[in-house]
Amino acid sequence: MGSEQMEMRKRQMSAAQETSDSLPGQHGVGNQGSNTCCFCWCCCCSCSCFTVRNQEERPRGASHELRREDFPTCEESPTPTLEEVNTWAQSFDKLMLTPAGRNAFREFLRTEFSEENMLFWMACEELKKEANKNIIDEKARIIYEEYISILSPKEVSLDSRVREVINRNMVEPSQHIFDDAQLQIYTLMHRDSYPRFMNSTVYKDLLQSLSEKSVEA
């Protein structure tokens, strides 16, 4: 009985093989498979290995974006008083001292397409608060890519000396790696943008609105 079962199994396998060989286009599909799906890591972009690769890369990108969101682009602040807004005209330092002043100034910079100057300054302030070395390294890299790199559309205007110092210190950044650059951008905003802000509709409309509310009260 054992030998008969073995013989029957051999005949079944042989018949199955003949049926497979007789299917139209089977050899072409087999050849195509050897060139694509069997080697999908280099030839077939729709195969599962690329799906896995994309899934592995996506979390890193998502994590990277979450870390970028650690930098504030708008600060929470109460509505400024008329007295506070009047002090902004006294000096740039007083304007930059309060969140309301920084928000109003950033709104004006957006109209001049130079908002990146304020965003860079704010990011540097956030970096200074960090004590964890890993977080400092990551935030410094993000700031560099966003505002220092010549490839970034948000690159701020820095002289070559400051840029070279930053490039050297990026090997092991500290929370003060951008201090010189931050001061340079602060000075630029003070000398260039602040006088125009004081004459802008952004400032004048805010001042008028608060003055009218003060009279009504």
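The values are calculated or read from the model by the stated rules, or taken from the named source; none is laboratory data. Since we're looking at a predicted model, the values are computed, not measured. Using ideal geometry, Cβ is built from the backbone for each residue, glycine included, and neighbour counts are taken over all protein chains shown. Protein only, heavy atoms only, side chains kept; ligands, DNA and RNA dropped before computing areas. Shrake-Rupley method; radii C 1.70, N 1.55, O 1.52, S 1.80 Å.
For E130, the criteria (1) out of contact with any Asp or Glu (no Cβ under 8 Å at 6 or more places or on another chain); (2) under 25 Å from S193 (Cβ atoms); (3) not hydroxyl-bearing (S, T, Y) hold in every case but one, which is (2).
Out of all the residues in the range 146-155, is one or more in a helix (DSSP H, G or I), open to solvent by 40 Å² or more (accessible area, probe 1.4 Å) and without any contact (Cβ under 8 Å) to a residue 24 or more places away in the chain?
First, pick out the residues of the range 146-155 that are in a helix (DSSP H, G or I): 146-148.
Filter once more, so that each one left must be open to solvent by 40 Å² or more (accessible area, probe 1.4 Å): 146.
Narrowing the set further to residues that are without any contact (Cβ under 8 Å) to a residue 24 or more places away in the chain leaves none.
There is no residue in the range 146-155 that is in a helix (DSSP H, G or I), open to solvent by 40 Å² or more (accessible area, probe 1.4 Å) and without any contact (Cβ under 8 Å) to a residue 24 or more places away in the chain.
Residue pairs whose Cβ atoms lie under 7 Å apart, separated by 6 or more positions or on different chains, with the first residue in the range 81-110 and more than 16 Å from T201 (Cα to Cα) and free of Cβ contacts under 8 Å to residues at least 24 places away in the same chain and the second of a type in the set (A, V, I, L, M, F, W, C) and part of a helix (DSSP H, G or I), are E84/A100. On inspection, K139 does not qualify as in contact with a helix residue (DSSP H, G or I) (Cβ under 9 Å, 6 or more places away or on another chain), in contact (Cβ under 8 Å) with a residue 24 or more places away in the chain, within 16 Å of A123 (Cα to Cα) and surrounded by fewer than 19 Cβ atoms within 10 Å (Cβ to Cβ).
The residue pairs whose first member lies in the range 161-180 and is in contact (Cβ under 8 Å) with a residue 60 or more places away in the chain, whose second member is outside any loop (DSSP other than H, G, I, E, B) and open to solvent by less than 50 Å² (accessible area, probe 1.4 Å), and whose beta carbons are closer than 8 Å, counting only pairs six or more residues apart or on different chains, do not exist in this structure. Of the residues making up the range 156-199, those that are not in a helix (DSSP H, G or I) and not β-branched (V, I, T) number 11.
Taken residue by residue, the range 192-204 has no member that is aliphatic (A, V, I, L, M) and open to solvent by 50 Å² or more (accessible area, probe 1.4 Å).
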